[in-house]
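Take a look at the structure below.
The values are calculated or read from the model by the stated rules, or taken from the named source; none is laboratory data. A quick note: this is a predicted structure, and the numbers were derived from the prediction, not measured. Note that we place each Cβ from the backbone using ideal geometry, even for glycine, and neighbour counts take in every protein chain shown. Heavy atoms of the whole protein, side chains included, go into the accessibility calculation; ligands, DNA and RNA do not. Shrake-Rupley method; radii C 1.70, N 1.55, O 1.52, S 1.80 Å.
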Amino acid sequence: MTAARRVLITGGGAGIGAAITQALCDAGHSCTITGRAESRPDTLDDAIGYLQLDYLDPGSVNRAAETIQQDLKPDILINNAGINRKGAMADAQPQAMLDTITTNLTGPYRITQSCLPHMLAQEWGRIVNITSIWSVTGNPGNTAYCASKFGVDGMTVALAAEVGHRGVLVNAVAPGYIMTDALRAKYTPEMLALVASHVPVGRPGQPEEIAALVAWLASPANSYVTGQNIRADGGLTRTAHPFTRID
């Protein structure tokens with residue numbers, strides 16, 4: 001049986017983050033999630049801890065970082081929280097770019113820093129950063145998001161090189177189109193059908209499929225994989241043409 005570990009999942013209350021939280025709780029770990037709300041959500045399971053964290057509020061980040069380093073001391077960190085504000089670069093407001101970089105890159109950098117002293121002291125740790133397929137390929141109308149996620153990929157591989165010999169493994173998972181409530185809100189059924197036609201497996205992914213991969217990367221079963229940005233996208237970004245079934 002896997003030894004219980006302390007886990008911090010940023011943005012663990014919904015979508016992919018919630019699925020990751022459930023998977024790690026099911027594995028017997030003690031999980032804490034972050035959210036922007038000041039108070040703990042009433043619907044949150046009593047067994048799950050809660051830490052207020054708003055990357056756009058420097059005071060919130062400072063308080064969270066102090067709590068993490070002094071009290072929580074997680075053995076496993078999942079950097080999942082993020083935002084995506086789309087729009088043509090020529091029309092984008094400077095603040096939108098800054099908010100995206102702050103939320104998706106510099107904020108997670110700070111939280112990761114606060115987790116490292118404990119991991120390095122015990123010579124064991126697992127860090128999994130949730131990137132995106134837009135961390136490995138460009139997407140029009142998404143320059144700020146791509147810049148932030150490419151940055152997280154760079155942070156992942158550099159930190160993996162820095163701390164691997166100290167027992168801390170650092171990886172990223174790059175989801176493709178995943179059937180979360182957020183995706184359903186943005187895409188009509190017709191748009192989702194078009195997406196599916198471009199994915200070799202013929203459908204969008206499920207949050208639980210991402211969670212299973214993250215749970216393995218965060219486990220002792222993973223003893224040699226580090227510095228990777230693993231695309232979990234049904235084959236989308238490695239294929240050049242819409243899927244056509246040949247029977």
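Odds and ends about this structure:
- In degrees, nearest ten, helix 58-67 long axis to first principal axis of the chain (Cα): 50
- Of the peptides 94-101, 75-82, 170-177, the ranking by mean beta-carbon count within 10 Å, highest at the top, reads 75-82, 170-177, 94-101.
- Debye intensity ratio I(q)/I(0), log10, the range 1-98, q values 0.14, 0.18, 0.19, 0.21 Å⁻¹ (C-alpha model): -0.58, -0.85, -0.92, -1.06
- Between the range 183-247 and the range 61-118, the alpha-carbon center distance in angstrom: 24
- Protein-only accessible surface order, largest first, of 21, 43, 106 at 1.4 Å: 43, 106, 21
- Per principal axis, descending, Cα span of the range 58-124 in whole Å: 48, 23, 13
- The Rg/Rh ratio of the range 84-180, with Rg taken over Cα atoms and Rh as the Kirkwood radius over Cα pairs, comes to 1.04.
- Base-10 log of normalised Debye intensity for the range 159-247 (one unit scatterer per alpha-carbon) at q = 0.15, 0.20, 0.26 Å⁻¹: -0.68, -0.94, -1.24
- Taking the inverse of the mean reciprocal distance over all distinct Cα pairs, the Kirkwood hydrodynamic radius of the range 118-168 comes to 12.1 Å.
- Among the listed values (1) 17.8, 59; (2) 19.2, 60; (3) 19.5, 75, the one computed from these coordinates for Rg and Dmax of the Cα atoms in Å is (1).
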